[in-house]
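The values are calculated or read from the model by the stated rules, or taken from the named source; none is laboratory data. No experiment lies behind these values; they were computed from the predicted model shown. Cβ sites come from the backbone with ideal geometry, for glycine too, and all protein chains shown count toward neighbours. Heads up: the accessible areas ignore ligands, DNA and RNA and are worked out on the full protein's heavy atoms, side chains in. Shrake-Rupley method; radii C 1.70, N 1.55, O 1.52, S 1.80 Å.
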Amino acid sequence: MRVATLGMTLSTKPLHSYMDEPIPVLAGTGGVALGEARTNHEGRRAILLHKEGEPSELIALAETMGIKIVDIQHQKGVENPRTYFGKGRLQDVADEISSAVEGHPWHGVDLVIIHSNASPGQLVSVHEFVQVEVWDRVRLLLSLFISHAGSVEARTQVRIAQLQADRTVLRELVNQQTTGERAGFGGGGKQAIQGVLTTVSRELTQLKKKQQKHAIARKERRRQRIKGGARTVGLAGYTNAGKSSLFHALSGKKVLVEDKLFSTLETTVGRMEMSPRILLADTIGFIDELPSDLLDAFHATLDESLRCDLLLLLADSSDETSELKRKLSTSRREVLDRNTGEALHMKVVLTKSDKGGDIEEAQEVVRTMGLPDALVVSSHIGQGLEELRESIMYSLYGPKTTLIVSQGLPGSRSPEAYVSQIYDLGIVTDKIGFELTLWCGQAELQRLIANSEGRVSIK
Ligand SMILES: Nc1nc2c(ncn2[C@@H]2O[C@H](COP(=O)(O)OP(=O)(O)OP(=O)(O)O)[C@@H](O)[C@H]2O)c(=O)[nH]1
Ligand SMILES: [Mg+2]
């Protein structure tokens, strides 16, 4: 069913069987979708409405999806909570879009992006003026997540976030009709929106059940790992900090690495090379001002990475000082706010040391933020990785232990059997005859010694 309202088309069609189809975009014109779903934004041209703050990150986010920001319109100081920009200025933007002929930089613009997080009312009002699709920062992120979501779990998460955002705009439309703000909007239009709202709510309920199942499965996998004596190391940090690259360098497991924001949307767990008892978790990155309901959609996946024995908080050492500070404080806040219920053991890792950033300066930023001294690494050229491995081991197991397996004593098991058990128990770094030096958990160590009939002792 389709109902034309305000130049928008509400469609109830795509709200089912989302798993095997490209995710339909209900969020579109002022948050309300237009007929066919659009998940590929490559080649689109957009105007950015900007009031304050640095726009480069949002431009990079748009570029990640292949959207070109052809112009930035600034309007400082105008307070119009209804329309974001002043009405006159919005009308100018609308006129320019509609009259741009071939050769004009605005020719082909079919998207207006609001630089900040807008209210549903602002989205609807701005759309009313410009008559092309309107996104705010949240909708830009949602569209980006949709185009990057590869797995069923990621798509479920993103779809939930998207429907929740759509619901707020739909409610605003219903509200405007009820209060009579929206003239010429017949009862049929209202019914249609309410119909979509009902379908959205129904789909949300189903998706949340599905998400719950994914979360339970994750929890169970985690429980099994812990039971098996594994220790976990989570990688966290601002988007594009180099998490997946470090994960790959330490685990050898292939994950998506791209010079794009939000390449990774879900948690991947892999074993640390040569230390299979240590599990690493790569996960979605953080970004400033991500509304909490949007991040909440990712909480199951984030939790899997953040509930760990050791958290590595990554930051790009080649970023400008102010950028580094901003990204680190956002990441730290997100990590701490997530309140995983477990004491976080955290290390800061400055990445991309081969890029020629000012490492001393970066270290100073870390220090002034009251964070522990950072380790410095390059996943590309391997710099600092050995020190990082050692430091991970030390955090997880404390100092190394040297064990001696005695050969002369009688017992039900051979010395070789104990040696092999020691290899299973921890990470052996040296072996001279029956003397083995290793990293391993104290509880496991005490158990081995107690059950060794006096054969195994600490040097
Ligand atoms: N020069 C250099 N580039 C690096 C290094 N590590 C990562 N990069 C680059 O930085 C970009 C982002 O790397 P990723 O590993 O995908 O970063 P991420 O934190 O996983 O990013 P998201 O998943 O998008 O949040 C890619 O272009 C990488 O090639 C490094 O040690 N040196
Ligand atoms: Mg990644």
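A few points about this structure:
- Residue match in the range 110-118 (condition: of a type outside the set (Asp, Glu), open to solvent by 50 Å² or more (accessible area, probe 1.4 Å) and over 21 Å from the mean Cα position of the chain (by Cα)): no
- Across the range 405-445, the number of residues qualifying as more than 18 Å from Met272 (Cα to Cα), open to solvent by 30 Å² or more (accessible area, probe 1.4 Å) and under 38 Å from the mean Cα position of the chain (by Cα) comes to 3.
- Residues in the range 267-311 that are under 18 Å from Ala217 (Cα atoms), acidic (Asp, Glu) and in contact with a strand residue (DSSP E or B) (Cβ under 9 Å, 6 or more places away or on another chain): Asp282, Glu304.
- Tally of residues being farther than 11 Å from Thr351 by Cα, part of a strand (DSSP E or B) and either near ligand 2 (Cβ under 10 Å from one of its atoms) or free of Cβ contacts under 8 Å to residues at least 40 places away in the same chain (or both) across the range 232-250: 1
- Scanning the range 422-459 for residues that are polar (S, T, N, Q), part of a helix (DSSP H, G or I) and at pLDDT 90 or above gives a single hit, Gln446.
Rundown of residues vs (1) assigned to a loop (DSSP other than H, G, I, E, B); (2) outside the structural domain of Leu123 (by TED's automatic domain parsing); (3) open to solvent by 50 Å² or more (accessible area, probe 1.4 Å); (4) modelled with pLDDT of 85 or more, yes/no style:
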| position | (1), (2), (3), (4) |
| --- | --- |
| Arg159 | no, no, no, yes |
| Leu173 | no, no, no, no |
| Gln176 | no, no, no, no |
| Gly180 | yes, no, yes, no |
| Ser201 | no, no, no, yes |
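- Just so you know, in the range 350-378 the residues that are assigned to a loop (DSSP other than H, G, I, E, B) and within 16 Å of ligand 2 (Cβ to nearest atom) include one that is surrounded by the fewest Cβ atoms within 10 Å (Cβ to Cβ), and it is Lys352.
- Screening Ile216 against (1) free of Cβ contacts under 8 Å to residues at least 24 places away in the same chain; (2) in the same structural domain as Leu375 (by TED's automatic domain parsing) leaves a single unmet condition, (2).
Residue by residue, here is whether (1) under 20 Å from Asp282 (Cα atoms); (2) within 12 Å of ligand 1 (Cβ to nearest atom) holds:
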position	(1), (2)
Leu313	yes, yes
Arg326	no, no
Arg333	yes, no
Lys347	yes, no
His380	yes, yes
Lys400	no, no
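- The range 251-273 residues that are within 17 Å of Glu304 (Cα to Cα) and near ligand 1 (Cβ under 10 Å from one of its atoms), paired with ones that are part of a loop (DSSP other than H, G, I, E, B) and open to solvent by 40 Å² or more (accessible area, probe 1.4 Å) (beta carbon under 7 Å, 6 or more apart): Thr264/Leu256
- Number of the exception - Gly341 against (1) at pLDDT below 85; (2) within 12 Å of ligand 1 (Cβ to nearest atom): (2)
- Scanning the range 71-101 for residues that are out of contact with any His (no Cβ under 9 Å at 6 or more places or on another chain), β-branched (Val, Ile, Thr) and either open to solvent by 30 Å² or more (accessible area, probe 1.4 Å) or assigned to a helix (DSSP H, G or I) (or both) gives Val78, Val93, Ile97.
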